[in-house]
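Notes follow the structure.
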Amino acid sequence: MAYTSAKLGLHTDLNYYNYKPGVQMLHCIEQTKGEGGDNSLVDGFNAAHQLKEENPDAFRLLTTLKVAFCHFGIDYQKYIHKQRQNIIRLNDHGEIQSISYSDPTRASILDMPADQVQPFYDALKAFNTIMYLPRNCVRLKMAAG
Ligand SMILES: [Fe+2]
């Protein structure tokens, strides 16, 4: 997705790893001179705090139900990376520790009780809606270099 001209929604990278880097640095080598190429950025921790305040049930579901993220391909040899995560992971003190959010790498099979599937998707939609609110989502177009 990242190497196409298709729109790429808000996401975190490397959700299929057990341990994700805390910081990722991106740079812009060349920028399109036409429409597009904008970045959308959101503070996922802030959005998760808002979800906790505004929709505690959704927050509870996203901190307790695990979903699988996977990535597979060939790079010298075949590989499969797969990791089950909470969308919002809490630490032992109940504080938000990390966000794992990516529709493109979230496995299509939800390994959870059937009666939790719709509430999970509703919770995910609620989180998505908060992240895309204009007050939370910054859009910018990087300059080359
Ligand atoms: Fe990414």
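The values are calculated or read from the model by the stated rules, or taken from the named source; none is laboratory data. Keep in mind it's a predicted model, so treat the numbers as computed, not measured. Using ideal geometry, Cβ is built from the backbone for each residue, glycine included, and neighbour counts are taken over all protein chains shown. Only protein heavy atoms, including side chains, enter the accessible area calculation; ligands, DNA and RNA are left aside. Shrake-Rupley method; radii C 1.70, N 1.55, O 1.52, S 1.80 Å.
Among residues other than Met142 with Cβ under 12 Å from its Cβ, the summed charge is 0 (Lys and Arg +1, Asp and Glu -1). Within the accessible area of the stretch 39-140, the carbon and sulfur atoms contribute 52%, probe 1.4 Å, all protein chains present.
Assuming 0.36 nm per residue, please report the length gained on full extension of the stretch Val138 to Ser40 beyond their Cα-Cα distance.
34.7 nm
For Gln31, nonlocal amide neighbours, meaning residues 5 or more places apart or on other chains whose placed amide H falls under 5 Å from its own, are Ala144. In terms of the mean number of neighbouring beta-carbon atoms within 10 Å, the peptides 81-87, 35-41, 96-102, 18-24 order highest first as 96-102, 81-87, 35-41, 18-24.
Among residues other than Met112 with Cβ under 12 Å from its Cβ, the summed charge is 0 (Lys and Arg +1, Asp and Glu -1).
Over the chain, Cα pairs under 8 Å with separation of 6+ residues give a relative contact order of 36 percent.
Just reorder Met142, Met131, Met25 by solvent-accessible area, largest first, 1.4 Å probe, all chains present. It would help to have the intermediate numbers written out before the result.
Details: Met142 65, Met131 5, Met25 165 Å².
In descending accessible area the options line up as Met25, Met142, Met131.
Annotation: lysines with alpha-carbon distance below 30 angstrom to Lys66 (same-chain offsets under eight excluded): Lys7, Lys20, Lys52, Lys78, Lys82, Lys125.
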